[in-house]
1. Show the residue pairs that are 6+ apart or on different chains and have beta-carbon atoms under 6 Å apart, the first residue being within the stretch 421-434 and under 17 Å from A411 (Cβ atoms) and free of Cβ contacts under 8 Å to residues at least 12 places away in the same chain, the second being acidic (D, E) and not in a loop (DSSP other than H, G, I, E, B).
2. Test each condition in (1) free of Cβ contacts under 8 Å to residues at least 60 places away in the same chain; (2) of a type in the set (S, T, N, Q); (3) touching a Ser or Thr at 6+ places or on another chain (Cβ under 6 Å) for T377 and report the one that comes out false.
3. Test each condition in (1) surrounded by fewer than 21 Cβ atoms within 10 Å (Cβ to Cβ); (2) under 26 Å from F371 (Cα atoms) for I490 and report the one that comes out false.
4. Restricting attention to the stretch 518-532, report how many residues are under 44 Å from the mean Cα position of the chain (by Cα) and either touching a residue at least 24 places away in the same chain (Cβ under 8 Å) or more than 27 Å from A404 (Cβ to Cβ) (or both).
5. Which is of a type outside the set (F, W, Y) and within 30 Å of A39 (Cβ to Cβ), of L555, L483, L561?
6. For the stretch 353-367, what are the residues that are closer than 24 Å to F554 by Cβ and crowded, with 16+ Cβ neighbours inside 10 Å?
7. Among I484, I504, which is under 17 Å from T369 (Cβ atoms) and within 29 Å of the chain's Cα centre (by Cα)?
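The values are calculated or read from the model by the stated rules, or taken from the named source; none is laboratory data. Computed from a predicted model, the values in this text were never measured in an experiment. Cβ atoms come from the backbone with ideal geometry, glycine included; neighbour counts cover every protein chain shown.
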Amino acid sequence: MPDVGEGLTEAEVVNWHVAPGDTVAVNQIIVEIETAKAAVELPCPYAGTVGELLAEPGQTIEVGTPILAIETGEAAAAAGPEAGAKIGEAGADGRIATLVGYGPRQGTASRRPRRTAPAPGATGPGATGPGATAPPTRADQRPGAASRADRGSVLPTADHPTWQAAAAPADAAPGADVAAPVDVTAPAAAAQSAATPQAADRGGGAVWDAGLVPLAKPPVRKLARDLGLDLRAIPGTGPDGVITRDDVQAFAAAAPTAPAAAPTAPGVPAAPGVLAAPGAPTVPGAPVVPGAPVVPGAPVVPGAPVVPGAPVVPGAPVVPGAVLPPGAPAPSAGAEPVAPGVRREPIRGVRKATAAAMVSSAFTAPHVTEFLSVDVTATMALRDRLRGARAFAGVKLTPLAFVAKAVCLAARRTPEVNASWDEAAGEIVYYDRVQLGIAAATPRGLVVPKIRDADTLDLRGLAAALGELTETARAGKTAPADLIGGTFTITNVGVFGVDTGTPIINPGEAAILAVGAIKPTPWVVDGELAVRTVCQLALSFDHRLVDGEQGSRFLADVGALLEDPGIALTW
């Protein structure tokens, strides 16, 4: 999974455009993903045959995790059986394990080479066995390095008994997952584990050691996680002890009659037929009813009796007095409440990113909001005249284009609103150009694409840019690069018939302008009451950057330009 934006950490697989066995070409679109910023179509960096899809639609995958295996057909005939299928290099069977590249990350030059575990008895960094030194950690070199090691970022050699060879088995499916298990125990424990027959032989349905991460493909791991099963307790019947989907399903089917699949807490007797789910906390002294399965993740309260005859709401924690009806299945992990009219959805994608950004902005930048009602009758009359002009033919001229132009002109007179606060450097950064963000409501949620160098565009250019920006955003095709690097934002709440609001500043910016509904309103003109076209503006600004005088002057300038566009000729 590539980082298609600036600093993205994960993305959700939306839809695959290829299937195992399909022939793909370089730059062919193979998958659509959804990040916290936009929906993106990823191109293929290699030509060959799709071996395996390592992620399912709906899965959220961390950046750097393999999602696709491609067979290029470039077999390394001279390579011996110990040759490992490293990233970007052909193994003995010609298969290549790849990370789908994007932009400058394509190819293998930008990726760090992976380490290979030395043979038993070796000394120095990365060695295992008696007398070996502990492997060095790379957690202090880059963020997330330690967690990647836990997922098998080390490709070991085949002659070490506690490690799985990196090369794909001869009878494995094309593109099979050959990630190695990682020994997470201390060197002495690793040496002791290596000496056991169970550690030395991974085939024949052997159960994995408690200190090792079992071999299993991502879909199999997800299935086990959904079923609340511990992979270390499941015998692997695949090549070299790889746990398959059939192994997980067979283990799950036999689980109700199997005694204690996972250890329980001290002092808690295991009743007949009770399956201890991985990760389900137990407390000494909590009684357990025979035949009642333990729900993964369900907390157990000390002294909470489990008595047949009373209902239990799925998903509710076990509390004192809670009871289970006789013969009724326990609620599954993550089940929704039974209460009518309740619906639950995971927090992810644009909603997750928006929530994090708004909370960060609201509790970091001291917000001040000012309001101004503006008579925009003259601006709307100018808009009607320009619509019939030849220069504006084919352009959708909206009131937002006039607001955008007014903002760019007013920002020249008050540069503080087009700046950012750099806490780390202890500096205020002023920008010569206005990177104008336009908040757009889309089916995926709120996004803020940018009009680059908006202050250099005339009114027609701004109108054309707004039309293209809105159409692209609603189609969910905004490029991630167009969602970052803004300096000022406009949000048009008037399209929903709303008069005004108190907008929250986009993180990293100094101000945001909310534009209310434009509608006929009673207005005093030259001492007499008249009906005029009026709009309300609301400006929120960061009081660390913008003083009240500066914010007020900027808002007054925008209002003056919208009330009488001819004023721009005097500036």
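1. So the pair list comes out as V429/D422.
2. Only one criterion is unmet by T377, namely (1).
3. With (1) surrounded by fewer than 21 Cβ atoms within 10 Å (Cβ to Cβ); (2) under 26 Å from F371 (Cα atoms) applied to I490, the lone miss is (1).
4. The total comes to 1.
5. L483
6. A357, S361, A365, H367
7. Numbers: I484 fails: under 17 Å from T369 (Cβ atoms).
Result of the check over I484, I504: I504.
A quick yes/no check of all residues on (1) at pLDDT below 95; (2) under 24 Å from the mean Cα position of the chain (by Cα):
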{"position": "A454", "(1), (2)": "no, no"}
{"position": "R460", "(1), (2)": "no, no"}
{"position": "A465", "(1), (2)": "no, no"}
{"position": "T470", "(1), (2)": "yes, yes"}
{"position": "A475", "(1), (2)": "yes, yes"}
{"position": "F496", "(1), (2)": "yes, no"}
{"position": "I512", "(1), (2)": "no, no"}
